[in-house]
Structure formats: structure tokens, C-alpha cells
1. Here are some conditions: (1) among the polar types (S, T, N, Q); (2) part of a loop (DSSP other than H, G, I, E, B); (3) under 16 Å from Ser34 (Cα atoms). Ser83 meets all but one. Which one does it not meet?
2. Any idea which of (1) within 18 Å of Asp2 (Cα to Cα); (2) of a type in the set (Lys, Arg); (3) at pLDDT below 95 is the one Lys116 doesn't satisfy?
3. Please give the number of the condition Leu96 fails out of (1) closer than 18 Å to Ile4 by Cβ; (2) of a type in the set (A, V, I, L, M, F, W, C); (3) at pLDDT below 85.
4. Being among the small types (Gly, Ala, Ser) and not in a helix (DSSP H, G or I): is that true of Ala110 here?
5. Look at the stretch 91-107 and say how many of its residues are surrounded by fewer than 16 Cβ atoms within 10 Å (Cβ to Cβ) and assigned to a helix (DSSP H, G or I).
6. For residues that are small (Gly, Ala, Ser) and modelled with pLDDT of 90 or more, scanning just the stretch 1-36, find the one that is nearest to Thr71 (Cα to Cα).
7. What do you reckon, is Thr85 surrounded by 13 or more Cβ atoms within 10 Å (Cβ to Cβ), out of contact with any strand residue (DSSP E or B) (no Cβ under 8 Å at 6 or more places or on another chain) and modelled with pLDDT of 90 or more?
Amino acid sequence: MDKILLIEDETSLVTMYKILLEAKGYEVITSRESNDAYALAKEHHPALIFLDLVFPKTGSDGGVQELSKKTGFGLLQALKADSLTKDIPVVVLTNLGSEDDETRAEELGAIDFVIKSKLLPRELINKIDKWLK
């Protein structure tokens with residue numbers, strides 16, 4: 001059974017994708033934080049990683065200060081620089097739609113750039129075989 005690491009901070013999306021992926025026979029590992037995700041990728045060596053780019057930055061009081069895409073790009077860069085994770089295919093799964101973001105993701109090593117709002121979840125699941133080849 002192939003493992004997929006889903007790095008997404010929105011709980012409802014994590015639940016939805018996890019259900020759909022498990023129904024297709026994949027083992028799903030989830031992370032809502034980039035720091036945990038890096039460790040999970042190294043530990044589990046998944047067949048595929050879905051990576052959201054925007055993560056909340058929290059303040060010292062635990063509240064959300066801002067949303068930042070630097071964390072997602074930084075995680076992608078770290079994954080591709082590490083000999084243990086550099087060969088794991090990463091699909092960026094985001095709501096960001098700028099050409100600059102797509103170009104940057106590809107330059108950092110993502111194999112695809114998917115805008116969540118433009119692709120039905122089932123369509124995304126159906127593309128996994130292409131990405132795993």
C-alpha cells in the first residue's frame with residue numbers, strides 16, 4: 001500500500017482528502033504544520049506528498065498572527081535538499097494561483113501545481129497514478 005503525506009492546515013480538507021485517499025487504498029499520513037511534516041516525510045518516506053503552501057504563523061499567545069506562504073516554499077526547498085526526501089514527488093496543492101508561485105514551486109522541485117478551487121477532489125485522486133509513475 002502506497003503512503004501519501006498530506007500537508008494541509010484546514011481540518012475539513014484534511015478529513016475529506018483522507019477519506020477519499022483511504023477509499024482508494026492509500027495509507028494517509030497527515031500533518032497540519034510544516035515542522036512536523038518534514039519529520040514525517042523523513043520517517044515514513046511516502047510515495048507522494050501533497051503540500052499546501054500557506055500556513056498560519058502563530059504568535060506567543062497561540063493566536064494566528066498572519067498567513068504565510070514562505071513556510072510552504074521553505075518546506076518544499078528543504079524536502080528537495082535532503083538526500084532522504086529529495087526523490088519523493090511533491091504536488092503543490094494550494095489556493096494560490098499566480099504564475100510566479102507556480103514557477104517558484106516548479107523551480108524548487110514540485111512535479112505539479114494544483115489549485116484546489118479549480119479541481120474537484122475526485123479529479124485530484126484520479127491523477128495520483130500519473131504522479132506515481
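The values are calculated or read from the model by the stated rules, or taken from the named source; none is laboratory data. Note that this is a predicted model, so its numbers are computed, not measured. Note that we place each Cβ from the backbone using ideal geometry, even for glycine, and neighbour counts take in every protein chain shown.
1. Condition not satisfied by Ser83: (3).
2. (1)
3. Checking Leu96 against (1) closer than 18 Å to Ile4 by Cβ; (2) of a type in the set (A, V, I, L, M, F, W, C); (3) at pLDDT below 85, the one that fails is (1).
4. yes
5. Selection size over the stretch 91-107: 5.
6. Result: Ser31.
7. Yes: the conditions hold for Thr85.
Condition check ((1) without any contact (Cβ under 8 Å) to a residue 60 or more places away in the chain; (2) within 16 Å of Leu75 (Cβ to Cβ)) across all residues:
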{"residue": "Lys3", "(1), (2)": "yes, no"}
{"residue": "Thr11", "(1), (2)": "yes, no"}
{"residue": "Thr15", "(1), (2)": "yes, no"}
{"residue": "Lys18", "(1), (2)": "yes, no"}
{"residue": "Leu21", "(1), (2)": "no, no"}
{"residue": "Ile29", "(1), (2)": "yes, yes"}
{"residue": "Arg32", "(1), (2)": "yes, yes"}
{"residue": "Tyr38", "(1), (2)": "yes, yes"}
{"residue": "His44", "(1), (2)": "yes, yes"}
